[in-house]
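Down below is the structure, laid out as structure tokens.
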């Protein structure tokens, strides 16, 4: 394994710089060749769930109160109830008092949780955080500011677009504070199987690190519902120890502006994290908590969202027809397309913007080169199928017409 440590402050800045800032810089001198269509940002354009406005209006006066950091009981109960419905093996297991904390979206939690995770292994002199590559930039930002060493795990097609758990050095595992694992993965849409999650949980137990399961795309799928880390942990070990699930209403409910999510799992960590959050993290406003409770209690709008994405993937099937290495992913709403024949991801992003006004994200902005030669995102672009079907069809048709 190559040396994962950034060799300078500039290299570290490159790891945690916003990919969208990099994209804007790439395209700023290039005018779009047609009316712009933004496929770079994973911001759902689904219909606003009908309950949002009335619930919010009902609880508007609560904006005048400080919110409880643990969350209102109704929200924690709604989360616990949703988990029992979504993962039947967890029925009666997830205690809303000890296993759940609300978050200001999953990103806030994925970042701030690293600090109590590092504290629980304060005896480790050279702590490590394991990160899939490609990766969500907040993982690297968390590792950097917590004073840990980010170790990037190749997650290419040869390992099913998930880290090869068997290839991680034992010495590194012994220094590990946390393993970030996204399933369905961003950007590839790969889903960790129950056996894969079992292996990840076993490693976390054996080396006493935390499995941070980023499951914010878990409700976006075309066929089978992805398994959950807590579900597998309880089924295989009878415990939630060392396992934390991060969830969000941004993707599941199409409410990215709500900034609402949760963490659930290992009760010892949840208690330590509560103490940390109580002095260092933002609360979720009480009216937003009530809207969130309504969202976790309702599945109709979630199924409508899945139908929205199914239509977009059917459009991709018919228009792309296997071009650029396309295959419908098991989960999520991204396409991870190979642009090796068009000069790589950055060149293709400029070509598409200049040629047809479609904005896509170069894959290299989501990856860390493993060596001078090996960059798992260099040849790829990421497209977010978050628009309505008509817009999706237009954007994909423009891409095919431009690239051929």
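Some points to look at:
- If you check 135, 209 for being more than 25 Å from residue 268 (Cα to Cα), modelled with pLDDT of 95 or more and crowded, with 23+ Cβ neighbours inside 10 Å, only one passes: 135.
- Answer residue from the stretch 314-330, given it is over 23 Å from the mean Cα position of the chain (by Cα) and not in a helix (DSSP H, G or I) and is farthest from residue 390 (Cα to Cα) among those: 322
One line per residue, one yes/no per condition, for (1) closer than 30 Å to residue 386 by Cα; (2) touching a residue at least 60 places away in the same chain (Cβ under 8 Å):
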| site | (1), (2) |
| --- | --- |
| 201 | no, no |
| 246 | yes, yes |
| 263 | yes, yes |
| 269 | no, yes |
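- Criterion applied to 154, 150 was being within 17 Å of residue 377 (Cα to Cα) and either modelled with pLDDT under 95 or not assigned by TED's automatic domain parsing to the domain that holds residue 313 (or both), and the one residue passing it is 154.
- Looking only at the stretch 19-39, residues that are part of a loop (DSSP other than H, G, I, E, B) and touching a helix residue (DSSP H, G or I) at 6+ places or on another chain (Cβ under 6 Å) come to 5 in all.
- Filter result for the condition that a residue is in the same structural domain as residue 292 (by TED's automatic domain parsing), more than 23 Å from residue 236 (Cβ to Cβ) and without any contact (Cβ under 8 Å) to a residue 60 or more places away in the chain, over 28, 97: 97
- Unmet requirement for residue 336, which otherwise passes all of (1) in contact with a helix residue (DSSP H, G or I) (Cβ under 9 Å, 6 or more places away or on another chain); (2) part of a helix (DSSP H, G or I); (3) closer than 21 Å to residue 23 by Cβ; (4) in contact (Cβ under 8 Å) with a residue 60 or more places away in the chain: (2)
- In the set (1) more than 15 Å from the chain's Cα centre (by Cα); (2) closer than 14 Å to residue 179 by Cα, the condition left unmet by residue 145 is number (2).
- Helices (runs of 4 or more DSSP H) (entirely within the stretch 235-311) containing at least 3 residues that are out of contact with any helix residue (DSSP H, G or I) (no Cβ under 8 Å at 6 or more places or on another chain) and more than 23 Å from residue 52 (Cβ to Cβ): 267-280
- Just one residue in the set 327, 340, 307, 295 is surrounded by fewer than 19 Cβ atoms within 10 Å (Cβ to Cβ), at pLDDT 95 or above and more than 21 Å from residue 188 (Cβ to Cβ); that residue is 307.
- Of the residues making up the stretch 161-168, at least one is buried (at least 17 other Cβ atoms within 10 Å of the Cβ) and either over 24 Å from residue 240 (Cα atoms) or not assigned by TED's automatic domain parsing to the domain that holds residue 207 (or both).
- Residue 110 fulfils the conditions (1) in contact with a helix residue (DSSP H, G or I) (Cβ under 6 Å, 6 or more places away or on another chain); (2) without any contact (Cβ under 8 Å) to a residue 60 or more places away in the chain except for a single criterion, (2).
- Boolean, residue 126 is closer than 30 Å to residue 176 by Cα, surrounded by fewer than 18 Cβ atoms within 10 Å (Cβ to Cβ), touching a residue at least 40 places away in the same chain (Cβ under 8 Å) and in contact with a helix residue (DSSP H, G or I) (Cβ under 9 Å, 6 or more places away or on another chain): no
- Check on residue 312, crowded, with 17+ Cβ neighbours inside 10 Å and over 16 Å from residue 156 (Cα atoms): yes
The values are calculated or read from the model by the stated rules, or taken from the named source; none is laboratory data. Since the structure is predicted, the reported quantities are computational estimates derived from the model, not experimental observations. Positions of Cβ are backbone-derived with ideal geometry, glycine not excepted, and every protein chain shown enters the neighbour counts.
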